[in-house]
């Protein structure tokens, strides 16, 4: 018979250590998969995890890819810490990109230092407003925020489709579903000549510092953490639950909106239908792998970004199917959840005795 | 004078330097927008790649590359890792391709269906799919009983509108009462949406369905509903053996092999290619015997005439929906007009989404 018992004393050191165990297990699991597929596992893992970042360009691409993941995950950590399950970051990213991109298009034939800040601000506000929808519905109408935020993803994507096909499509673009190229005044400045890494990374770093400050040094952060640990305690302590829900959703939406604006004003340079390869969903893995801790999230976003780059390199050099990248992301989450489970619960295998069966 | 001299000198050095070891090191890279198993667009590009490989040239591919920020990195990685010729096989790769081409002047780039050739090492290529649509229109006009043809369209770009118009014109020629009903799905590949669109058209009385999207869902829906359909991009007969009358097949293989060999041998030049039935870039699948021997013969003759240039898909008089003349009697539309086509011809129902 198998008996599962809760552990009473879980050392916090182990709690922060399990993500590393999950990553090591993922690498081992990946090696086994590569072996089964008929590749030399060591060589395949080298192409997967080392080759992509073996030069400056590769490393800059890693940072470029990690930037939106980090930003979104930082925002999500506020929601998740306070037991608010915002699954719709992808939608908030898209809506932020729509609003920010709209401002960029408004200024397409103007120059000025003030344009980019306006675009960024518009993106953050766009994401914030879009995140307020599930938050308001949750606080005032008791709807389920998981469902609402998820369904709004499709709303925002369809809205983007409509805009780039119709009213915002490039007048000189033969009806192709894309807008004009943004003017240089609404593009993120590049940090190095010849690399795509842009000033958006500072937004992500600022978000990390700010979130650490809010979560660990302010009353709001305290409220968020207490609500996450026990809603009843939070109520008993007299915290204003509704306001807090609105605030965490707004922070989360603003971060996702910033990520969206960073993509369109950074590497993409226009609005079209494929502005995000589901960063908003992948960032959920990043948030949990980073233990909802700001600095953990930096680390986690780099690891997850590497699974994207690795999948491309592995296909270029070894023709390993690119979907292996998603398998890796899935494995990381699986091993993380599994090791968490074993961390918090004891699994006892008891030998059966006849008289015990009666109980 | 000097310029030419330098050009010859450089090409001579190239020929000397490259022809020695080019056969061993020469590599071609492919960037796909979908999975190799989509049985449509990407599948056919992958078949083309297989042909290049069979010609003894090493190739690499990366599949399912999103047309966003990731495309540039993948193209650049291929250029950096020693690929000499890179095919980017979707419209959305246009800007990234040109951007990377600027930084790798010694690597050749071939971009499918785009119109930007900003550097001398970028070529573009596409196929005259509309010639296939003309054949489909002829068949559809003869086969329909309800005089309603259902058309699932992706995006209102010239290529798609050209297909709708070519089909409608050909169908009108054999059946003046024909109506073309269109559903815009705004996607290239979404089996669920495509199936829904096919069903909606069938419910509106269409008994011939065709699509400018990539999945096999429309032909499968048509098979279930017992109406006629056509395969798109690849031979889809086995997915709907009863319903499919024929397929428009994109055959990239001859072009890919030719360009790969040219690049290897140093004779590659920038060009804008638009090949059709004549060159074999557009091919037709087997004709369904349900069409009857007479119709098959007719269509085969029309196919030959389109290939030889005796018949043109857009021969005047052609009118737009309001009755304004687009192409005068006895004239044919030139490539410039075809490339920018943005209005429906008379007989198509509805408006182009704006």
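Is it the case, given these coordinates, that residue B:134 is in the same structural domain as residue B:212 (by TED's automatic domain parsing) and not in a strand (DSSP E or B)? Criteria met by residue B:134.
Would a scan of the stretch A:9-29 turn up a residue that is in contact (Cβ under 8 Å) with a residue 12 or more places away in the chain and within 18 Å of residue A:319 (Cβ to Cβ)? No, the stretch A:9-29 contains no residue that is in contact (Cβ under 8 Å) with a residue 12 or more places away in the chain and within 18 Å of residue A:319 (Cβ to Cβ).
Residues of the stretch A:306-316 that are out of contact with any strand residue (DSSP E or B) (no Cβ under 8 Å at 6 or more places or on another chain) and either away from every other protein chain (no Cβ under 11 Å) or under 12 Å from residue A:44 (Cα atoms) (or both): A:306, A:307, A:310, A:311, A:313, A:314. When residue B:126 is tested against (1) part of a strand (DSSP E or B); (2) crowded, with 22+ Cβ neighbours inside 10 Å; (3) away from chain A (no Cβ under 11 Å), only condition (2) is not met.
Looking only at the stretch A:42-83, residues that are away from every other protein chain (no Cβ under 14 Å) and surrounded by fewer than 18 Cβ atoms within 10 Å (Cβ to Cβ) come to 5 in all. Tell me which residues, restricted to the stretch B:155-200, are at negative phi, within 11 Å of another protein chain (Cβ to nearest Cβ) and part of a loop (DSSP other than H, G, I, E, B). Residues satisfying the conditions are B:155, B:156, B:157, B:185, B:187, B:188. One residue stands out among those in the stretch A:173-185 that are more than 11 Å from chain B (Cβ to nearest Cβ) and closer than 29 Å to residue B:162 by Cα: the one that is nearest to the chain's Cα centre (by Cα), which is A:179.
Among the residues of the stretch B:233-248, just one is at pLDDT 95 or above and within 23 Å of residue B:335 (Cβ to Cβ), namely B:248. For the stretch B:141-154, give me each residue that is within 14 Å of chain A (Cβ to nearest Cβ) and in a helix (DSSP H, G or I). Passing the criteria: none in range. Checked against the criterion of being away from chain B (no Cβ under 14 Å) and farther than 20 Å from residue A:244 by Cβ, the stretch A:129-147 contains one or more residues that satisfy it.
I need the full set of residues from the stretch A:186-201 which are more than 9 Å from chain B (Cβ to nearest Cβ), part of a loop (DSSP other than H, G, I, E, B) and touching a strand residue (DSSP E or B) at 6+ places or on another chain (Cβ under 9 Å), in order please.
A:187, A:188, A:189, A:191, A:197, A:199
For the stretch A:245-277, a residue qualifies if it is assigned to a loop (DSSP other than H, G, I, E, B), more than 9 Å from chain B (Cβ to nearest Cβ) and under 12 Å from the mean Cα position of the chain (by Cα), but none of them does. Taken over the stretch B:53-74, the criterion of being touching a helix residue (DSSP H, G or I) at 6+ places or on another chain (Cβ under 8 Å), more than 14 Å from residue A:278 (Cα to Cα), more than 7 Å from chain A (Cβ to nearest Cβ) and outside any helix (DSSP H, G or I) is satisfied by B:55, B:57, B:59, B:61.
The values are calculated or read from the model by the stated rules, or taken from the named source; none is laboratory data. Predicted model, so just to flag it, every value in this text is computed and none were measured. Using ideal geometry, Cβ is built from the backbone for each residue, glycine included, and neighbour counts are taken over all protein chains shown.
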